[in-house]
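A.B. asks: First the structure, then my questions, so here it is.
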Amino acid sequence: NVAYRMALFLQGAGHSIECVFARDIEKAEKVVRALKRGKSNAFATADYSQLPNSDITIIAVSDNAIGNVAAQLPHKDAFTVHTSGATPMAVLKEAGLSNVGVFYPLMTLSMHKELDIRLIPYLIEADSQQGTDILKELVNSIKAEYKICDSAQRLQFHTAAIFTTNFLNYS
């Protein structure tokens, strides 16, 4: 869900999506089909060796898969971020990546529900000033708001968001 929606948001803001990787090729192809409606040249793959060395690699998978996916990436020095609210940025370093960050949308994203991208706040974190600047530029390009915070602060925001959303859904 996050990968699908984020790819469309970023393309809509003028970013070029080079490749969509998924362990299940059908999922990657679904995202690429949606991108091609916007005249994208993106390709789908389930083969790590086909991943291009891009300006930024965004890992948008379940929290428990982030470390495994990161460890398989062929470009260890490329700027790579994950999109989890609960997973520490250190998981990317532990997977052998050297230039890392987090690009967390503080809202549930769904493939089937359109929403105004400007309403989504992002929590960002990077291990360098250059990474922070890239993430700021990315958020500004989609005309959204952001807050720079570390992994512990992001987890607090994430937990609060889950609690309030679930409470409101329950009542």
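The values are calculated or read from the model by the stated rules, or taken from the named source; none is laboratory data. No experiment lies behind these values; they were computed from the predicted model shown. Cβ coordinates were reconstructed from backbone atoms using ideal geometry, including for glycine residues, and neighbour counts include every protein chain displayed. Surface areas here come from the heavy atoms of the whole protein model, side chains and all, with no ligands, DNA or RNA. Shrake-Rupley method; radii C 1.70, N 1.55, O 1.52, S 1.80 Å.
A.B. asks: Filter the GluC sites (Glu not before Pro) in region 1-110 down to the DSSP loop ones having no more than 16 other Cβ atoms within 10 Å, then list what survives.
C.D. replies: Working: sites: Glu18, Glu26, Glu29, Glu94; in loops: Glu18.
Those that pass, being in a loop and sparsely packed, are Glu18.
A.B. asks: Hey, what's the Cα Rg ratio for region 1-136 versus the globular rule of thumb, 2.2 N^0.38 Å?
C.D. replies: 0.98
A.B. asks: Right, another one. Among the lysines, which have Cα under 17 Å from the Cα of Lys76 when same-chain residues fewer than 8 positions away are ignored?
C.D. replies: Within the straight-line limit of under 17 Å, Lys76 reaches these lysines: Lys93.
A.B. asks: Further question on the same structure: List the residues, sorted by chain then number, that are 5 or more residues from Ser84 or on another chain and whose placed amide H is less than 5 Å from its amide H.
C.D. replies: The list, which skips near neighbours in sequence, is Phe103.
A.B. asks: A further question follows. List, in order, the whole-Hz ³J(HN,Hα) value for each residue of region 82-89 obtained from phi through the Karplus relation with A = 6.51, B = -1.76, C = 1.60 and θ = phi - 60°; use x for Gly and Pro.
C.D. replies: Karplus-based 3J(HN,Hα) across region 82-89 equals 10, 10, 8, x, 9, 8, x, 4 Hz.
A.B. asks: Please identify every one of the trypsin sites (Lys or Arg not before Pro) in region 8-47 that sits in a loop by DSSP and has no more than 12 other beta carbons within 10 Å of its own beta carbon.
C.D. replies: Within region 8-47, the qualifying trypsin sites (Lys or Arg not before Pro) (loop, at most 12 other Cβ atoms within 10 Å) are Arg37, Lys39.
A.B. asks: Using only protein heavy atoms and a 1.4 Å probe, report how much of Tyr146 is accessible, in Å² to the nearest 10.
C.D. replies: 90 Å²
A.B. asks: Using only alpha carbon positions, build the gyration tensor of region 17-65, then give the equivalent ellipsoid semi-axes as the square roots of 5 times its eigenvalues, largest first, whole angstrom.
C.D. replies: Three semi-axes, in Å: 17, 13, 10.
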